[in-house]
Amino acid sequence: MARAAMAATATIPIVFSSGADPVKVGLVASLNRPGGNVTGVHLLIGALDPKKLGLLRELAPQATMVGVLLNPNVEDFQFRLADVHEAARTVGLQIHVLRASTETEIDAAFAALSQIKAGALVVGSNAFFNTRRDQIVALAARHAIPAIYDGREYAAAGGLLSYGTSLSQGYRQVGIYAARILKGTKPADLPVFQLTKFEFVINLRTAKALGVKISDNLLSLADEVIE
């Protein structure tokens with residue numbers, strides 16, 4: 001949407017919210033000095049997949065292979081792919097990237113988990129995956145695989161773990177920036193806002209159903225525990 005707006009005007013102020021890195025995908029010149037008529041909020045969605053790997057490492061230290069479900073159709077896919085491979089090397093995990101952009105491909109990705117002998121799964125942050133939340137959580141339960149997702153909604157729907165940014169904080173900041181621009185501030189003078197609030201949720205009911213023990217350290221890190 002931000003790209004479409006930028007293509008339509010170089011003068012009307014634009015305030016975006018972006019899960020992808022706005023510099024890498026060409027929305028702004030830099031975070032501190034966005035330049036031009038565009039500024040906004042970096043939701044840091046794509047940047048959190050590596051952190052999820054670290055949490056899974058503590059949850060399932062015996063897992064030698066971890067699946068990572070990503071949507072190849074997002075514009076920052078190659079950046080996310082590189083980041084998650086680098087994170088895997090850092091925490092000493094072997095990963096297998098599963099690609100899905102349709103309901104059928106999600107089914108196929110989960111079917112492949114047993115073939116690659118994955119001991120855990122990272123579900124990448126993606127708007128399409130959010131629309132298939134119930135399907136993904138149900139498949140994880142059916143295949144009895146510990147998984148970490150994006151956003152509390154997954155944990156509330158029965159997902160084991162979720163770790164994500166506070167979208168409410170992000171959207172509120174979009175409104176704040178829009179108000180400042182309407183009062184005369186230029187977009188170029190507003191640095192891209194990066195979210196600072198993160199939410200880690202554990203579903204103990206799901207952990208019990210999967211036979212997964214949640215360490216005291218993970219419990220202490222959780223912002224919410226669903227019992």
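The values are calculated or read from the model by the stated rules, or taken from the named source; none is laboratory data. The model shown is predicted, which means the values in this text are computed figures rather than measured ones. Neighbour counts are summed over all protein chains in view; Cβ atoms, including those assigned to glycine, are modelled from backbone coordinates with ideal geometry.
How many residues does segment 176-188 hold that are more than 13 Å from residue 16 (Cβ to Cβ), surrounded by 12 or more Cβ atoms within 10 Å (Cβ to Cβ) and not polar (S, T, N, Q)?
Total meeting the criteria: 4.
Condition check ((1) in the same structural domain as residue 151 (by TED's automatic domain parsing); (2) within 17 Å of residue 20 (Cβ to Cβ); (3) among the aromatic types (Phe, Trp, Tyr)) across all residues:
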{"residue": "59", "(1), (2), (3)": "yes, no, no"}
{"residue": "63", "(1), (2), (3)": "yes, no, no"}
{"residue": "71", "(1), (2), (3)": "yes, yes, no"}
{"residue": "74", "(1), (2), (3)": "yes, yes, no"}
{"residue": "82", "(1), (2), (3)": "yes, yes, no"}
{"residue": "85", "(1), (2), (3)": "yes, no, no"}
{"residue": "96", "(1), (2), (3)": "yes, no, no"}
{"residue": "110", "(1), (2), (3)": "yes, no, yes"}
{"residue": "115", "(1), (2), (3)": "yes, no, no"}
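Across segment 195-218, which residue is modelled with the highest pLDDT among those that are closer than 20 Å to residue 48 by Cβ and surrounded by fewer than 16 Cβ atoms within 10 Å (Cβ to Cβ)?
217
Anything in segment 1-46 that is of a type in the set (A, V, I, L, M) and in contact with a helix residue (DSSP H, G or I) (Cβ under 7 Å, 6 or more places away or on another chain)? List them, or say none.
14, 15, 20, 27, 38, 41, 43 - these are the residues of segment 1-46 that are of a type in the set (A, V, I, L, M) and in contact with a helix residue (DSSP H, G or I) (Cβ under 7 Å, 6 or more places away or on another chain).
If you take the residues in segment 38-63 that are assigned to a loop (DSSP other than H, G, I, E, B) and out of contact with any strand residue (DSSP E or B) (no Cβ under 6 Å at 6 or more places or on another chain), which one is nearest to residue 12 (Cα to Cα)?
Looking only at segment 38-63, we keep the residues that are assigned to a loop (DSSP other than H, G, I, E, B), and these are 43-45, 60-63.
Retained after the next criterion (residues that are out of contact with any strand residue (DSSP E or B) (no Cβ under 6 Å at 6 or more places or on another chain)): 45, 61-62.
Working: 45: 27, 61: 51, 62: 54 Å.
Among those that are assigned to a loop (DSSP other than H, G, I, E, B) and out of contact with any strand residue (DSSP E or B) (no Cβ under 6 Å at 6 or more places or on another chain), it is 45.
Return the pair list, or none, for Cβ contacts closer than 8 Å from residues in segment 214-227 that are assigned by TED's automatic domain parsing to the domain that holds residue 156 and more than 18 Å from residue 152 (Cβ to Cβ) to residues that are of a type in the set (D, E, K, R) and part of a helix (DSSP H, G or I), at least 6 apart or on different chains.
Listed pairs, sorted by first residue: 215/58; 217/58.
Looking at (1) more than 24 Å from residue 214 (Cα to Cα); (2) crowded, with 20+ Cβ neighbours inside 10 Å; (3) under 15 Å from the mean Cα position of the chain (by Cα), which one does residue 87 not meet, given that it meets all the others?
Going through the list (1) more than 24 Å from residue 214 (Cα to Cα); (2) crowded, with 20+ Cβ neighbours inside 10 Å; (3) under 15 Å from the mean Cα position of the chain (by Cα), residue 87 breaks only (1).
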